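Chemist: One structure, pasted below without further comment.
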Amino acid sequence: MAAMATSFTSSIKSSFFDSKTSLYGSPISTRAAAPIKSTNQNPITISASATPYDLDNFKFAPIKESIVSREMTRRYMTDMITYADTDVVVVGAGSAGLSCAYELSKNPDINIAIIEQSVSPGGGAWLGGQLFSAMVVRKPAHKFLDELEVEYDEQDDYVVIKHAALFTSTIMSKLLARPNVKLFNAVAAEDLIVRGDRVAGVVTNWALVAQNHDSQSCMDPNVMEAKVVVSSCGHDGPFGATGVKRLRSIGMIESVPGMKALDMNAAEDAIVRLTREIVPGMIVTGMEVAEIDGSPRMGPTFGAMMISGQKAAHLALRALGLPNALDEEKAVQPELILASAETDIVDA
């Protein structure tokens, strides 16, 4: 449920949630973590008796300050050049955006840029409700946690991660290690690139610049062209739902009614079902879906964010003309079939 700055911050025959599938890319080695029950947990002991260096006489290798500057600048500018024209731009690095990018990144031939206005990605997924630590995920979305090897306390119909940061830090570490992904944090998506009736990319700027246009003279932006834009800007607020708000302001959609009051059971199913390509070239995922459809908010449960993000990834694969889970035969267990709103999807 991330936000953005100011104006716009082989085929699958097994279950979609099968942690062993490579999803058309190089096989991703995963090990399903054994769920941790709520009782009889064994304490973990870690020895800190030795280090690979002498802490009393530690000394760093010498370096010139200019080398540090060149390394940072060269690598960042190379990334900007590489991702100026990319396959998928994911706007918003909350739980839905990160889940979408993670799923897409399994195909090594797809380049994914993630735009996040905050210095710290993760959106609202660093904590549970009311600033508490635990993260509740309703089944069967826990299968995504098994793939990520995130441990949890298993109950009958849901699981609990002892701290939400375990999910967020784990998915980020796995995602950002992949060579076809770049996170541009502290960068705002100020606007959309639109050609005819199709979204063709995003207009970007440093987040601090985007937040201070009123205090300075004109500070023009930059651009990122993309075959597909995934908007995961979160629910309404100072920086929320800005993707669909911009579509409304330029007449590409009629209204953004806003999310309804909290109903966990109705909300999570609706978020996944209504995740779709809202206009050609732009897919909406996560809590931004509730804003455009007037569906209920779900509060501090996070499974819908993960599965909505995964569904958005497969919608992006479809838009790119690549194999995807949504177009496969649904010869899997009914409870594991991706919820979809086929009648609401606009084909690319």
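Chemist: Just a yes or no: is a residue in region 304-311 over 17 Å from the mean Cα position of the chain (by Cα) and either open to solvent by 40 Å² or more (accessible area, probe 1.4 Å) or at pLDDT 95 or above (or both)?
Modeler: No, every residue in region 304-311 fails to be over 17 Å from the mean Cα position of the chain (by Cα) and either open to solvent by 40 Å² or more (accessible area, probe 1.4 Å) or at pLDDT 95 or above (or both).
Chemist: Among all residue pairs at least 6 apart or on different chains, which show Cβ distances below 6 Å where the first residue, located in region 291-313, is closer than 13 Å to Arg273 by Cβ and the second is among the hydroxyl-bearing types (Ser, Thr, Tyr) and crowded, with 24+ Cβ neighbours inside 10 Å?
Modeler: Ser308/Thr275; Ser308/Thr285; Lys311/Thr275; Ala312/Thr275; Ala312/Thr285
Chemist: Quick one: Leu208 ticks every box in (1) open to solvent by 30 Å² or more (accessible area, probe 1.4 Å); (2) assigned to a strand (DSSP E or B) bar one, so which box is it?
Modeler: That leaves (2) as the condition not met.
Chemist: Given the options Glu254, Glu268, name the one that is within 28 Å of Leu166 (Cβ to Cβ), open to solvent by 10 Å² or more (accessible area, probe 1.4 Å) and either assigned to a loop (DSSP other than H, G, I, E, B) or touching a helix residue (DSSP H, G or I) at 6+ places or on another chain (Cβ under 6 Å) (or both).
Modeler: From the options Glu254, Glu268, the qualifying one is Glu268.
Chemist: Quick one: in region 94-115, which of the residues that are within 16 Å of Leu145 (Cα to Cα) and in contact with a strand residue (DSSP E or B) (Cβ under 7 Å, 6 or more places away or on another chain) is surrounded by the fewest Cβ atoms within 10 Å (Cβ to Cβ)?
Modeler: Looking at residues that are within 16 Å of Leu145 (Cα to Cα) and in contact with a strand residue (DSSP E or B) (Cβ under 7 Å, 6 or more places away or on another chain), I get Ala101.
Chemist: Considering only residues that are more than 19 Å from Ser118 (Cβ to Cβ) and β-branched (Val, Ile, Thr), look in region 171-194 and name the one that is most open to solvent (accessible area, probe 1.4 Å).
Modeler: Val194
Chemist: State which residue pairs qualify: first residue more than 19 Å from Met298 (Cβ to Cβ) and inside region 114-142, second residue among the aromatic types (Phe, Trp, Tyr) and open to solvent by 40 Å² or more (accessible area, probe 1.4 Å) in any location, beta carbons under 9 Å apart, and separation of 6 or more residues or different chains.
Modeler: Gln117/Phe239; Ser118/Phe239; Ser120/Trp126
Chemist: Go through Ser118, Ser133 for me and flag whichever is in a loop (DSSP other than H, G, I, E, B) and surrounded by fewer than 20 Cβ atoms within 10 Å (Cβ to Cβ).
Modeler: Going through Ser118, Ser133 in turn, the sole match is Ser133.
The values are calculated or read from the model by the stated rules, or taken from the named source; none is laboratory data. Remember, predicted model here, so these are calculated numbers, not experimental data. Please note: Cβ atoms are built from the backbone with ideal geometry, for glycine as well, and neighbour counts cover all protein chains shown. The protein model used for the area step is the full one, side chains on, heavy atoms only, and it has no ligands, DNA or RNA in it. Shrake-Rupley method; radii C 1.70, N 1.55, O 1.52, S 1.80 Å.
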